[in-house]
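Visitor: Got a structure for you, questions after.
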Amino acid sequence: MIPAQQTIPAHLLDLKAKTRSRVHYRLAELQGQRAGGHWPVLLDPDGYLAEGPGWNIFLVRDGVIFTPEPRNVLNGVSRGATIEFARGQDIEVCETNLGRHEALTADEIFCTSTSFSVVHAASFEGQTVGNGGPGPVFQTLLKTWKEQVGVDFVAQANEYAQRLPAWQERDASRTQRI
């Protein structure tokens, strides 16, 4: 979802400085939580899609990947790796200004970050993206990510999700003893 909070323009805060002291990110996250737990996509000062708090966004239309031009986004390592992986698979990548309309009409949307590598979006602004599942371009990139990092992080996340109830129960019992 697009929150009211915008990203800070690059002329005010150098985006090459990967600092987490950006209160605008936290405000966007809070707005996303209040809207039902949605991931916020901040707009740049010109009203174009920029980035999420700590992740980059990609759209796919007719097999071509589109991502915001780098002037008002963090040029993250995972963003760069994804662009490299896509081009290595002969998938065209365009860095350009993207608006709400482009996201609403995209065949696929996915996000990249160091913490999760790549994850697809099932919806945008309440509308289902594609069929709601991972699309073919995402699937290709996911396979490449797994091969390049040498870890099936999807299986790892599923394993952790299965362990989560036991961890939460253990933490709850520790809290009661305090």
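Visitor: So residue 115 fits all but one of (1) among the hydroxyl-bearing types (Ser, Thr, Tyr); (2) assigned to a loop (DSSP other than H, G, I, E, B); (3) at pLDDT 90 or above; what number is the exception?
Guide: Unmet for residue 115, out of (1) among the hydroxyl-bearing types (Ser, Thr, Tyr); (2) assigned to a loop (DSSP other than H, G, I, E, B); (3) at pLDDT 90 or above: (3).
Visitor: Looking only at residues in segment 7-30 that are within 14 Å of residue 73 (Cα to Cα) and in a helix (DSSP H, G or I), which one is modelled with the lowest pLDDT?
Guide: Per the stated criteria, the residue is 24.
Visitor: Restricting to segment 34-74, count the residues that are of a type in the set (Asp, Glu) and surrounded by fewer than 16 Cβ atoms within 10 Å (Cβ to Cβ).
Guide: The qualifying residues number 3.
Visitor: Then there is this: Scanning for something modelled with pLDDT under 95, on the phi < 0 side of the Ramachandran plot and either out of contact with any Asp or Glu (no Cβ under 9 Å at 6 or more places or on another chain) or not acidic (Asp, Glu) (or both), does segment 58-69 turn up at least one residue?
Guide: There is no residue in segment 58-69 that is modelled with pLDDT under 95, on the phi < 0 side of the Ramachandran plot and either out of contact with any Asp or Glu (no Cβ under 9 Å at 6 or more places or on another chain) or not acidic (Asp, Glu) (or both).
Visitor: Residue by residue through segment 95-127, note down the ones that are in contact with a Phe, Trp or Tyr (Cβ under 7 Å, 6 or more places away or on another chain), surrounded by fewer than 17 Cβ atoms within 10 Å (Cβ to Cβ) and without any contact (Cβ under 8 Å) to a residue 40 or more places away in the chain.
Guide: The answer is 96, 104.
Visitor: Now for a separate question. Does segment 139-149 hold any residues that are within 15 Å of residue 79 (Cβ to Cβ) and surrounded by 18 or more Cβ atoms within 10 Å (Cβ to Cβ), and which are they?
Guide: Passing the criteria: 141, 144, 145.
Visitor: Filter segment 118-137 down to residues that are over 17 Å from residue 41 (Cβ atoms) and either among the aliphatic types (A, V, I, L, M) or not in a loop (DSSP other than H, G, I, E, B) (or both), then give me how many there are.
Guide: The number of residues fulfilling the criteria is 2.
Visitor: Can I ask one more? Quick check: anything in segment 83-98 under 18 Å from residue 41 (Cβ atoms) and either part of a loop (DSSP other than H, G, I, E, B) or out of contact with any strand residue (DSSP E or B) (no Cβ under 7 Å at 6 or more places or on another chain) (or both)?
Guide: Within segment 83-98 (the criterion being under 18 Å from residue 41 (Cβ atoms) and either part of a loop (DSSP other than H, G, I, E, B) or out of contact with any strand residue (DSSP E or B) (no Cβ under 7 Å at 6 or more places or on another chain) (or both)), the answer is yes, since at least one residue qualifies.
The values are calculated or read from the model by the stated rules, or taken from the named source; none is laboratory data. Because the structure is predicted, anything quoted here is derived from the model rather than measured. Glycine also receives a Cβ, built like all others from the backbone with ideal geometry; neighbour counts cover every protein chain displayed.
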